Amino acid sequence: MKVVATAEEMRELGAELAGLLRAGDLAVLSGPLGAGKTTLVQGLADGLKVRGPITSPTFVIARVHPSLAGGPALVHVDAYRLGGDLEVDDLDLDASLEESVTVVEWGEGLVEGLADDRLEISIERGESGEERTVRLRGVGARWEGVV
Ligand SMILES: Nc1ncnc2c1ncn2[C@@H]1O[C@H](COP(=O)(O)OP(=O)(O)OP(=O)(O)O)[C@@H](O)[C@H]1O
Ligand SMILES: [Mg+2]
């Protein structure tokens with residue numbers, strides 16, 4: 001568990017978490033509207049050294065951010081408008097998930113079919129102000145002993 005005081009700190013946390021992620025990994029971000037999910041992904045993108053900018057896609061469900069450093073691409077998915085199960089084919093990606101780090105906002109309950117292993121990141125807002133609480137939970141053999 002980590003308490004994050006500002007958006008800048010959330011980006012720093014994202015950059016730190018990028019060090020845990022490698023090609024083929026899936027991270028699922030949960031938390032209410034405005035929690036800071038996209039802000040955390042901005043930090044992940046910095047840490048992974050992929051091409052930005054990371055924005056909240058309004059009409060696009062997924063964006064591929066290629067690496068600028070010869071590493072894995074970042075696939076950023078916003079599943080807010082998706083109903084039912086998320087199918088990899090629905091994403092129509094120009095990237096293979098085995099070769100990318102995939103991060104899904106609003107993916108709880110949707111992504112279980114994408115991978116047996118996943119890093120669950122939940123963000124909670126406090127009553128007021130900028131403070132956020134971030135919790136990590138690794139699911140599957142990939143994450144045993146990592147978080
Ligand atoms: N501690 C904090 N961590 C993250 N964001 C913060 C924090 N404090 C304030 N903010 C602000 O809150 C907003 C979070 O927006 P962001 O788009 O990252 O949320 P989100 O969870 O992706 O929302 P959505 O559900 O709409 O996708 C930003 O404007 C950010 O600057
Ligand atoms: Mg968002």
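Just a few scattered comments:
- Subset of the stretch 18-38 [farther than 17 Å from Glu131 by Cβ, within 16 Å of ligand 2 (Cβ to nearest atom) and assigned to a helix (DSSP H, G or I)]: Thr38
- Test result for Thr39, over 13 Å from the mean Cα position of the chain (by Cα) and among the hydroxyl-bearing types (Ser, Thr, Tyr): no
- Check on Val139, crowded, with 16+ Cβ neighbours inside 10 Å, closer than 26 Å to Val60 by Cα and within 16 Å of the chain's Cα centre (by Cα): no
- Near pairs, Cβ below 6 angstrom, 6+ apart or cross-chain, from the stretch 42-62 (over 10 Å from His76 (Cβ atoms) and within 13 Å of ligand 1 (Cβ to nearest atom)) to any residue that is modelled with pLDDT of 95 or more and among the hydrophobic types (A, V, I, L, M, F, W, C): Gly43/Ala15
- Looking only at residues of the stretch 133-147 that are in a loop (DSSP other than H, G, I, E, B) and of a type outside the set (Gly, Ala, Ser), we find that the one that is farthest from Ala18 (Cα to Cα) is Glu144.
The values are calculated or read from the model by the stated rules, or taken from the named source; none is laboratory data. Owing to the predicted nature of the structure, the values given are computational and were not obtained by experimental measurement. Here the Cβ is made from the backbone with ideal geometry for all residues, glycine too, and neighbour counts use every protein chain on show.
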